[in-house]
Amino acid sequence: MRMRLLLFALLVSLSAVASAQEQRPLRFSVTESWAMPMIRIEDGRATSGVLYDLQMRLAEKVGRRAELLVMPRLRVQRLMARGEIDVRCYVNPGWLSETHHQYIWSVPFMVQRDLIVGRHDEADISLAQLPGERLGTVLGFSYPRLESLFASGQVLREDARTQELVLEKLEAGRYRYALSNELALAWFNRNLPEHKRLRALAELSADALSCLVRDAPDVPTQALLRALVQMKQDGEFEAILSRYR
């Protein structure tokens, strides 16, 4: 009889542990330098935007709550190395210096076009014309096509904390050129009069963006990857993007 009671207590305990694991929120990383329309950060919390909607919907599809952790880019890398991030979205393999073997890549959910941007009266430009210029850039962002120019000092980075601040400094005339993705540029221009809008002068790159999902027993890894495939097939990604265009 005593053995049965001990076995029953053990089963109850294991059930409670399993239930707690099922209820643990999925930890999504949010880089604090991101800006609208990708994400809005208020008082250190993500509150809306393309990635907010994507990550909340993804967690909903696998029956879990989402915990959006806002942090600097370098801290994201450290937490991923320790397995303390479950899902990282809005990333391309070429942007990473580490391989993160404990994570699995999802299908791409969008293509991001990175642009060289200037004020409305600037002429188009090519990469060959950049040496000697200062470029507005986002602190911590990698721009693979320009890394050799930055490393040699032929082109100087002028970093700002967020993409929005980079574009604000360009509009204010702090430099002639800046780097921005296409969606951020369109969002920045949306309320400006036409003669003040910034414009794309050249395309720097076009990268397919995916999510990295941690492959571990306490993460519904395959369910998340299947959900991302289903969202792409059902047009949910495009529907989310269309809300912010």
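Nothing in this text is a laboratory measurement; each read-out follows from the coordinates by a stated rule. Note that the structure is predicted; figures quoted are calculated from it, not measured. Please note: Cβ atoms are built from the backbone with ideal geometry, for glycine as well, and neighbour counts cover all protein chains shown.
Overview of values
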{"read-out": "Size of electric dipole in the chain: Cβ of Lys, Arg +1 and of Asp, Glu -1, about Cα centre, debye, nearest 20", "value": "720 debye"}
{"read-out": "Global form of the chain, assessed from the alpha-carbon gyration tensor, a/c cut-off 1.5", "value": "prolate"}
{"read-out": "Eligible lysines near LYS169 by straight Cα distance, threshold 29 Å, same-chain separation 8 or greater", "value": "LYS196"}
{"read-out": "Sequence of ASP114, ASP234 once ranked by neighbouring C-beta atoms within 10 Å, starting from the fewest", "value": "ASP234, ASP114"}
{"read-out": "Ranked ARG88, ARG24, ARG75, criterion: other C-beta atoms within 10 Å, fewest first", "value": "ARG24, ARG75, ARG88"}
{"read-out": "FRET efficiency estimate (nearest 0.05) - Cβ-Cβ, LEU241 to ARG176, R0 25 angstrom", "value": "0.25"}
{"read-out": "Inter-probe distance in nm under a simple model that places probes 7 Å from Cα toward Cβ, at GLU42 and GLU67", "value": "2.3 nm"}
{"read-out": "Rg(Cα)/(2.2 N^0.38 Å) for region 112-205, N = residue count", "value": "0.99"}
{"read-out": "Within straight-line cross-link reach of LYS232, lysines at Cα separation under 19 Å, skipping those fewer than 8 residues along the same chain", "value": "LYS61"}
{"read-out": "Region 217-245 and region 154-178: distance between their alpha carbon centers, rounded to Å", "value": "33 Å"}
{"read-out": "Crossing angle, helix 50-61 versus the chain [Cα axis fit, 0-90 degrees, rounded to tens]", "value": "20 degrees"}
{"read-out": "Furthest towards positive pole of dipole, GLY136, LEU54, ILE240, structure part the chain, Cβ charges", "value": "LEU54"}
{"read-out": "Euclidean distance between Cα centres, region 98-123 to region 55-85, Å", "value": "19 Å"}
{"read-out": "Unit charges on C-beta of K, R, D, E only; dipole of region 112-205, Debye", "value": "160 debye"}
{"read-out": "Burial order of peptide ranges 197-206, 236-245 (average beta-carbon count within 10 Å, highest first)", "value": "197-206, 236-245"}
{"read-out": "Total formal charge among the other residues, if their Cβ is under 14 angstrom from that of ARG245, Lys/Arg +1 and Asp/Glu -1", "value": "0"}
{"read-out": "Nearest 10 degrees, 0 to 90: helix 2-23 Cα axis against the chain principal axis", "value": "20 degrees"}
{"read-out": "Angle between the chain longest axis and helix 221-233 axis [Cα atoms, degrees, rounded to 10]", "value": "50 degrees"}
{"read-out": "Cα pair count fraction exceeding 15 Å, expressed as % - region 70-142", "value": "68 percent"}
{"read-out": "In region 27-130, the GluC sites (Glu not before Pro) that fall in loop regions by DSSP, at most 10 other Cβ within 10 Å", "value": "GLU98"}
